[in-house]
Every structure is written in structure tokens, then in C-alpha cells.
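What follows is one structure encoded as C-alpha cells, with my remarks underneath.
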Amino acid sequence: MPARDRDDNRQIMALPGDVSMPQDVAAERSVLSAMILSEDVLHECLTKLRPDDFYLLANRTIYLAITEMFEHSEPVDPISLADHLRSMGELERIGGESYLLELGSNSLALASWRHHVEMLRRDTTLRELISATAKIQAMAFDAPEDSRDVVDFAEKQIFDVTGKDVQDNSASLASIMEDLYDQLDKMASAGDNEFGVQTGYPSIDRALQGMRPGQMIVIGARPGVGKTSFALNLCVNAARAGASVVFFSLEMSKVEIAQRLLAAESQVSLSDIRGARIQDNQWPDLLAATGTLSNLDVQIDDTAGTTVTEIRAKARRLLHEKEKGIVIIDYLQLISPPPGRARADSRATEVGEMSRGIKVMAKDLGVPVVALSQLNRTVEGRTGKRPQLSDLRESGSIEQDADIVILLDRSTSDEEAERQDRPDKGVTQFIIAKNRSGPLGTIDLAFVPNSTKFYEVFRPQGE
């Protein structure tokens, strides 16, 4: 587009010069009057309002002065307030003592101050939205190479504005301790630690104490060991436990994912489902499984060539206002670098950037993010073939960024399973190789290939 056309468009999108920002000076005065006249109103307003809620500079200065006087346990009345502002050199700037006396004489303000507080908060939100859209417009005009960065930036700006409009969430220590005691009693009765998002495997949940908000959890395995199957088991178990799940499948289609989920839930062979070889007695199981899965809060995205930025933007939208969420990515090495940028000097550097992006995403969204990862082929030539942290493919930064690293290990042949240094046939070892908030260890899971289902192996005590 020619430069002249771009300038014309920019001018059309700009606000007219005579348009003022949303504000209501009369409501501001009314709230200040009520704060001066009533100590109870003053206390409530200090918890509900911020200085920026007062658009007029004079009123904002008065609000700040009232706040300072309250913090120093000074009485708030027109004369004392005037003295305080005089000592700050601000009295004449706010309109002098006469303006404060006028505020102090408006007894009608006590009748409707709550409504006026809501008006101030509404106008603040509108002003912040206008500011946010101006930033979004400026970024769009800068013409970045990846338009998805603009979309993600825009969503974050809007959510930042709406996230500020929160209610007072304070509580007495007595009520907090009572709630904590009830929670501990409930957890003890359940015989499980129900922190974070649950995996559905008791031993794993005890070791991890649930998957916590902001955690980056990496699950690594050799091809064919079952990392996708485990991720899908985790997806269903987490959703059953009340979590909202967003599953990004960069390798398989939505239909393939659905087939695996249906096989695991119905216990009908995956090959029979794929080939539509369904026996009459299997239809009730398939119908029941379909109903169960349909009631779970799970979103599946199979967009190919997606980037971390796009994943973060989609996850933020899908998990907005959800009480408990989790993101699962299958798998890390298939995430694409941002288009248009110069390629990094090595694939390891690119994967490292994506790994850091996933960690930032987990903290930004406030949910655990599970990223599957391939392992290097060096594990094949190692005696015992037991995977190690250093086997995470293409980047040591994955190990550094992750809060938890789980390595799956399974014998892929009968001959391999007969060796003493390999897992028994049908057993997948869940190796907790890194855990910033808990112990390391190995947990045995039984894997049923036909239904792609994992079960925890409960061994007698003493083994």
C-alpha cells in the first residue's frame, strides 16, 4: 500500500480532536464529598477505588491526600484536608479551601455514593480500553512480520484491562483457617493430595502433588513408547477431575485423537474402531463412552505449523474465566518458529526459544502446560536404554526451563522385556527425572496397547 494511503487510513482511525475521554466530574465530586462526610464511606472507597479512577487532576490529588491522612490516622475534614494540601503545596492547584468547603457541605452525596463509585470505575475501564486499543492500533501500523503476534498482544491488552476490575477478596485469618481445616479434612478422607490438576494416577499425584499453575511439565519418550497415549489418558483424567483441558495436537488429526480417546474409554480395540469392525455387543460400550467423553470440558486443536504465540493466544481465549485449566502440547519439536523471522543458527536454538516461550506461557496463563518431547537416538545405543535428562532432543534448555520432567520407558519387544535391566513386558516406567517441588522416583504403569490405556501397577508392600 502506498505511504499516502496508509497515512489516510491512520487519519480515519484516529479519534476526533474534540472528543474527550469518558469521565464524570460531578460523580467524582460526589464521592469525595461522601468520603469527607463519613468515615465509613471513606473506608469502603479506599478499598474500591484507585487514584486513576479520578480523571480530574484536582480530584485525584484530593483523593491521594485523603489516603495519606487516613494512613497517618489524621482526621479527614475540609479544614484538616486544606492544611494537609497546603503543606504539600497543592492547595491552590486543587481550587483552594473554598473548593474543599464546598465538597464538605454536599450532604446529598451520602445518598448515592455507591452508584457514583460504580460510575467512576466504569469510566476508568472505558479509558483503559481506549488506551489499550490505541496501543493495539499502533502495533498493527508497525506492520510486524507475524500478524499472530498482534492478535496475541491485543488479547493480552484487553484481558489486562478487564482483569483489573476485581472485587475485594480479603478474609479474616479465622475464616481462612476454618476453610483450610475443612479442605485438609476432605483431602484426608479422600486419601489423596488434591492440589493442582490431578493426573488420575494416585502415586503420580502424590509425587507431583498435582500439576500446579505456572508449571512447565515435559514428558519425553522414544517413538512408539506411548507418550501421546499417556497424554490423552492425562487429558481425560484431568477433565474428569474438574479441569478444563486444551489439547494441541501437532501430529495427529482431531479424528485420530477422538478414535484413541474412544478406544481408551470404551475398551474397544483401536484397530477395530479405525476399521469400523464393530460387533453388536460393542455398540452399547461405544455409546456410553461417547456420552461420557462428550460431557468433558476438552478442546482439541490440530492446526499444523502452529507457533507458541498462536498456542498462547488460543489457550488464553479458551481458558478465560475457567476455574482450573491445563494445556497439553503434542509435541514440542513440531511447533513452528515465528514466520518471517530469520532462522536461528541451529535447530537446538530454535527449540530452546520455543521452550522458553512455553514456560512464559504457563506463567502468563496461570495454568500447568504439559509439553511432549522426543528423545535423542543416543538412548538406543546405551546399555539398558534407560532414558536420561540429557536425552531430551535438540535442546538442553528444555531441561532448564521445565519444572517437572517425566521420562517414559517401556520394552518394545519380548526379547527386550526379558532382560534384567529393562522394564517387564506390558510395564511402562514413569520416571520423574526432575521435580522442583517434590521427590524423584519411578512409578510403574501397565499399558494396554489395543485400547491405548494406562493403569497404575499396585505392588504389594515390601517389593
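The values are calculated or read from the model by the stated rules, or taken from the named source; none is laboratory data. Since this is a predicted model, take the numbers as computed values, not measurements. Every residue, glycine as well, gets a Cβ built from its backbone with ideal geometry; the counts of neighbours run over all protein chains shown. Remember, those area values only see protein heavy atoms, side chains included, never the ligands or the DNA or RNA. Shrake-Rupley method; radii C 1.70, N 1.55, O 1.52, S 1.80 Å.
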Suppose we keep only residues that are over 39 Å from the mean Cα position of the chain (by Cα) and charged (D, E, K, R) within segment 56-77. Which one would you say is least open to solvent (accessible area, probe 1.4 Å)? 77
How many residues does segment 439-463 hold that are at pLDDT below 85, surrounded by fewer than 15 Cβ atoms within 10 Å (Cβ to Cβ) and either under 19 Å from residue 375 (Cα atoms) or among the small types (Gly, Ala, Ser) (or both)? 1
Top-ranked residue in segment 242-253 [being more than 23 Å from the chain's Cα centre (by Cα) and of a type outside the set (Ser, Thr, Tyr); ranked as nearest to residue 283 (Cα to Cα)]: 252
Every residue in segment 291-314 that is at pLDDT 85 or above and either under 18 Å from the mean Cα position of the chain (by Cα) or of a type in the set (Val, Ile, Thr) (or both), please. 292, 297, 298, 299, 300, 301
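Here is a yes/no grid of residues against (1) modelled with pLDDT of 90 or more; (2) not aliphatic (A, V, I, L, M):
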residue	(1), (2)
100	yes, no
110	yes, no
125	no, yes
129	no, no
Just to verify a result, which residue in segment 338-389, among those that are under 15 Å from residue 220 (Cβ atoms), among the hydroxyl-bearing types (Ser, Thr, Tyr) and part of a helix (DSSP H, G or I), is modelled with the highest pLDDT? 355
Residue satisfying all of: in segment 390-399; out of contact with any Asp or Glu (no Cβ under 9 Å at 6 or more places or on another chain), open to solvent by 10 Å² or more (accessible area, probe 1.4 Å) and over 19 Å from residue 208 (Cβ atoms); modelled with the highest pLDDT among these: 396
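Evaluate the following for residue 131: is it surrounded by fewer than 14 Cβ atoms within 10 Å (Cβ to Cβ), free of Cβ contacts under 8 Å to residues at least 40 places away in the same chain, outside any helix (DSSP H, G or I) and out of contact with any helix residue (DSSP H, G or I) (no Cβ under 7 Å at 6 or more places or on another chain)? Steps first, please.
On the way: surrounded by fewer than 14 Cβ atoms within 10 Å (Cβ to Cβ): yes; free of Cβ contacts under 8 Å to residues at least 40 places away in the same chain: yes; outside any helix (DSSP H, G or I): no; out of contact with any helix residue (DSSP H, G or I) (no Cβ under 7 Å at 6 or more places or on another chain): yes.
The answer is no for residue 131.
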Restricting to segment 409-458, what's the tally of residues that are basic (Lys, Arg), under 31 Å from the mean Cα position of the chain (by Cα) and in a strand (DSSP E or B)? 2
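For segment 181-208, what are the residues that are among the hydrophobic types (A, V, I, L, M, F, W, C), open to solvent by less than 70 Å² (accessible area, probe 1.4 Å) and modelled with pLDDT under 75?
Within segment 181-208, 187, 190 qualify.
Of all residues in segment 36-55, count the ones that are over 38 Å from the mean Cα position of the chain (by Cα) and touching a residue at least 60 places away in the same chain (Cβ under 8 Å).
Taking segment 36-55 and keeping what is over 38 Å from the mean Cα position of the chain (by Cα), we get 36-39.
Now restrict to residues that are touching a residue at least 60 places away in the same chain (Cβ under 8 Å): 36-38.
Going through segment 36-55 one residue at a time, the tally reaches 3.
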Residues satisfying the stated conditions in segment 90-121, i.e. open to solvent by less than 80 Å² (accessible area, probe 1.4 Å) and in a loop (DSSP other than H, G, I, E, B): 90, 91, 95, 106, 107
Here, helices (runs of 4 or more DSSP H) confined to segment 18-89 with at least 1 residues that are within 19 Å of residue 112 (Cβ to Cβ) are 25-37, 39-48, 57-71
Residues being open to solvent by 50 Å² or more (accessible area, probe 1.4 Å), touching a residue at least 40 places away in the same chain (Cβ under 8 Å) and not in a helix (DSSP H, G or I) - total across segment 254-299: 3
Out of all the residues in segment 209-252, which are open to solvent by 10 Å² or more (accessible area, probe 1.4 Å), among the aliphatic types (A, V, I, L, M) and part of a loop (DSSP other than H, G, I, E, B)? 241, 250, 252
